[in-house]
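The values are calculated or read from the model by the stated rules, or taken from the named source; none is laboratory data. Predicted, not measured: the structure shown is a model, and the values here were computed from it. Cβ sites come from the backbone with ideal geometry, for glycine too, and all protein chains shown count toward neighbours. Calculation scope for accessible area: heavy atoms of the full protein, side chains included, ligands and nucleic acids excluded. Shrake-Rupley method; radii C 1.70, N 1.55, O 1.52, S 1.80 Å.
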There are 2 protein chains.
Amino acid sequence: MNILEFLISPSDAAKRSGPHDKVVLSSRVRLARNIRGVPFPGHARKADRVRAFETLMPAVQSLNQVGSDAFAESMEKLSQNEKKVLVERHLISREHEAKGVGSGIVLNREETLCLMVNEEDHLRMQALRPGLQLGQAWMSLDSVDTDLESRLEIAFSEQYGFLTACPTNLGTGIRVSAMLHLPGLVLGEQINQIIQAVSKLGLAVRGLYGEGTEALGNVFQVSNQMTLGESELEIVERINKVLLQIIEHEENARLTLLEKKAKVLFNHIGRAYGTLANAHSISSKETMNQLSLLRLGVDIGMIPGTPKSLVDELFLLSQPAHLQLKTPDKLDAEQRDMLRSDMLRDRMREVARPDHLGVVIPPKAAA
Amino acid sequence: MNILEFLISPSDAAKRSGPHDKVVLSSRVRLARNIRGVPFPGHARKADRVRAFETLMPAVQSLNQVGSDAFAESMEKLSQNEKKVLVERHLISREHEAKGVGSGIVLNREETLCLMVNEEDHLRMQALRPGLQLGQAWMSLDSVDTDLESRLEIAFSEQYGFLTACPTNLGTGIRVSAMLHLPGLVLGEQINQIIQAVSKLGLAVRGLYGEGTEALGNVFQVSNQMTLGESELEIVERINKVLLQIIEHEENARLTLLEKKAKVLFNHIGRAYGTLANAHSISSKETMNQLSLLRLGVDIGMIPGTPKSLVDELFLLSQPAHLQLKTPDKLDAEQRDMLRSDMLRDRMREVARPDHLGVVIPPKAAA
């Protein structure tokens, strides 16, 4: 089956909801695992990589949690654009996008479990959830990991824990992360303060597509830096606690903006709506930033009757690989900017015109 | 009678139409005249100025062309904001706005004839017409001038012609000007070329409020520099010829944009509409520039069912003194930007959403 036919539609993907999803777009837990006695993918010859792939794929596919209706494919069978679509859905990493023969992907029907074979490690397993659900994601992934250990000989050292290609993953091999939408902290100019505080707690704050990417659309990824010296559950709980604090800061920042600078906020949101609904050319970057403001508008009640999921769907559909799906011709950036604006003008008809009179201004925002 | 009650409503003022008014907003002819033997206003003592005022006002008011239903008032009787409104209507100069005791204004019922008493000269008479109607404006003003000569002793020298306070007006004392809307030449990046060419022909190109002001909203004022050595009619005809050429260049520039950069044009116009209809704070400068694009949108058929007069009305209503009329409280710039956006959001409901499908793209634009 084609990955594009397999994937949940952008509309359905955007309709998923979870706790705190005004601020937390999604939660993810990832485990890195390797097979004992087989060189890491980056050091392996092609034959070794293919052998590891052939061992891993059936083992992974036989997992109960993966299911018989999963999508499983070798990376070279996917087109460049299909791989980019997977990156835009946050299902695979940019590094995995570059892989071909000897690397693979296994994705369950619900898109809550995605495994990358021969990325940087032999196996990178990810559990994905909408909203803030790190505990649930961790528990489901832990059970996958337990089952997998009965099928494969995992490289493990009594001294170091799980062995990984990069020492930054050594030990638990866990990476816990959440995608946060923080327009309040950005508009309230508190974001740098928050990033510094979070960094001091040993967490990394990154942009939309992870390491080294920009925080487009006021979306930030928060994840753990350390994988050694703490148990998986301790790491999950520590991040969860920090995330709850960031959520509170973001909510307070929004209340303060509403209380002290409502007109400025309305101005940003109104203009974002006007631009998205009427432009005839718009870049990906501008779109993300305007959609971020539109999402904030929905959250504060300024866009009556418009579900947040519509904004999230447009966020997905606006990205380059998703746009490319609309036409067989290879689009250049200029053509993409036009096609994006055509799509947005059309879909924005479903979005109500902003109405600031519907916004409840808090009598007194929290400190 | 109060000047604000006297003035034609912005809506009615904007509904006036004339030849070539897609490009030419208005035509004006001005004559500078002085009374023999009385010092020029800038060199006169207050008593002299008041005496000249007392001679001039009844003489001017008795003119048939002025009529008994005209507005006639001493400048000190007008509030600061009323005077600013007159500047925004292009009825008096910025210099006249600063005047008080001993200076006056006489405006006929149709607002086609406006006389400033004791501006830089004793008398500056202006005939105003919508669109390109310099000949008509000149003829009507010539008849006013003829009638006036029978009532007053005008300072005239056989050698120099009419004597004026500033030598740049000496001779005929005529200033012929037109207000042009040139978004095509600005967007097509040909405007500087045109300004240079026009300057070489001895004409001045200025901004929205005349000398030393910026070309807000792509509006330019073209006027003669020389007042000596040619007859009034020669000057009028020469400018008229140049204006017809500028109109042709502007129309060609618009066709070329439509033919070669339609998407860019639609993008500008769509975004302008989106911003005007949804902002919650907007400066005067941004408003003029966006309304200019909206007017272009109406002209090319992209804003179905919306009359150009509505855009022209918004252009008037968006200006500071007109906004100040909406409230007794003295507005600062920030408050004005908010009130302006409130007015625009409200009135833009009458403007149809831009639809590029209604635009006829020329098969081949002229060279």
Review point. Taking B:LYS22 as the anchor, which aspartates and glutamates have their alpha carbon closer than 13 Å to its alpha carbon, excluding any fewer than eight residues away along the same chain?
Key: B:GLU248, B:GLU250, B:GLU251, B:ASP299, B:ASP312
Review point. According to a simple spin-label model (label point 7 Å from Cα along Cα-to-Cβ), what is the distance in nm between B:GLU350 and B:SER68?
Key: 3.5 nm
**Study point:** Normalised contact order of chain A, rounded percent, pairs of Cα under 8 Å and 6 or more residues apart
**Key:** 19 percent
Practice item. Ignore the peptide's own chain and count Cβ atoms of other chains within 10 Å of each Cβ in A:271-277; give me the average, rounded. Key: 6
Exercise for review: Would you tell me the mean number of C-beta atoms belonging to other protein chains that fall within 10 Å of each C-beta in B:343-351, as a whole number?
Suggested key: 1
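Do the sum for chain B: with -39,500 (n - 2.57) for every DSSP H run of n ≥ 4, divided by all residues, what is the mean residue ellipticity at 222 nm, to the nearest 500 deg cm²/dmol? Can you show the working numbers first?
On the way: 14 runs with 162 residues, N = 367.
Calculated from helices alone, the mean residue ellipticity at 222 nm is -13500 deg cm²/dmol.
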Practice item. Could you compute the FRET efficiency for B:LYS200 and B:ALA98, with r as their C-beta to C-beta distance and R0 at 35 Å, rounded to 0.05? Key: 0.60
Practice item. Take peptides B:114-120, B:131-137, A:322-328, B:73-79 and line them up by average Cβ neighbours within 10 Å, highest first, as a rough protection proxy. Key: B:114-120, B:131-137, B:73-79, A:322-328
Review point. Using +1 on the beta carbon of Lys and Arg, -1 on that of Asp and Glu, and nothing else charged, what's the dipole of region A:261-366 about the Cα centre, debye to 20?
Key: 400 debye
Study note, to complete from the structure: So A:ASP329 and A:MET226, fully extended at 0.36 nm per residue minus their Cα-Cα distance, gain in nm 32.6 nm
Review point. To the nearest 10 degrees, how steep is helix B:232-260 against the longest Cα principal axis of chain B, on a 0 to 90 scale?
Key: 10 degrees
Study note, to complete from the structure: Each residue of B:279-286 has, on average, a number of other protein chain C-beta atoms within 10 Å of its C-beta equal to 3
Practice item. Could you calculate the contour length gain from B:GLN193 to B:GLN159, that is, 0.36 nm times the residue separation minus the distance between their Cα atoms, to one decimal place in nm? Key: 8.5 nm
Point to revise | Between 0 and 90°, nearest 10: helix B:333-347 axis offset from chain B longest Cα axis | key: 60 degrees
Point to revise | Among A:GLY161, A:VAL236, A:LEU141 - extreme Cα towards positive end, dipole of the protein assembly as shown, charges at beta-carbon | key: A:GLY161
Practice item. May I ask which of A:LYS84/A:LYS261; A:LYS326/B:LYS308; A:LYS261/A:LYS285; B:LYS77/B:LYS285 have a Cα-Cα span longer than 28 Å here? Key: A:LYS84/A:LYS261; A:LYS326/B:LYS308; B:LYS77/B:LYS285
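Once you sort the root eigenvalues of the Cα gyration tensor of chain A as a ≥ b ≥ c, which label holds: rounded (a/c under 1.5), prolate (a/b larger than b/c) or oblate (the other case)? Show your work: numbers first, answer last.
Working: a/c = 2.32, a/b = 1.47, b/c = 1.58.
The shape class here is oblate.
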Practice item. Report the accessible surface area buried between chains B and A, summing both sides, using a 1.4 Å probe on protein heavy atoms only, in Å² rounded to the nearest 100. Key: 1900 Å²
**Study point:** Among A:ALA262, A:VAL219, A:GLN193 the positive-end extreme of the charge dipole of the protein assembly as shown (Cβ point charges)
**Key:** A:GLN193
Exercise for review: Taking 7 Å along the Cα-to-C-beta vector as the label spot, tell me the B:GLU110-B:HIS43 distance in nanometres, rounded to one decimal.
Suggested key: 3.8 nm
Review point. For region B:216-349, what's the relative contact order in percent, using C-alpha pairs closer than 8 Å and at least 6 residues apart?
Key: 29 percent
Study note, to complete from the structure: To the nearest 10 degrees, the tilt of helix B:262-278 (Cα long axis) against the first principal axis of the alpha carbons of chain B is 70 degrees
Check your understanding: Quick one: ranking A:ASP346, B:ASP312, A:ASP145 by accessible area, 1.4 Å probe, largest first, what do you get?
Key -> A:ASP346, B:ASP312, A:ASP145
Review point. Separation of region A:110-153 and region A:212-252 by C-alpha centroid, Å?
Key: 18 Å
Point to revise | Unit charges on C-beta of K, R, D, E only; dipole of region A:3-254, Debye | key: 340 debye
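Report, in debye and to the nearest 20, how large the dipole of the protein assembly as shown comes out about its Cα centre when Lys and Arg carry +1 and Asp and Glu carry -1 on their Cβ. Present the calculation step by step, with values, prior to reporting the outcome.
Working: 86 positive and 92 negative charges, 21 e Å.
Dipole of the protein assembly as shown, to the nearest 20 debye: 100 debye.
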Check your understanding: Ranked from the most accessible area to the least, with a 1.4 Å probe and all protein chains present, what is the order of A:VAL23, A:VAL38, A:VAL264?
Key -> A:VAL264, A:VAL38, A:VAL23
Review point. Just going by the charge dipole of region A:261-366, with Lys and Arg at +1 and Asp and Glu at -1 on Cβ, which of A:PRO320, A:GLY358, A:SER284 is farthest out on the positive end?
Key: A:GLY358
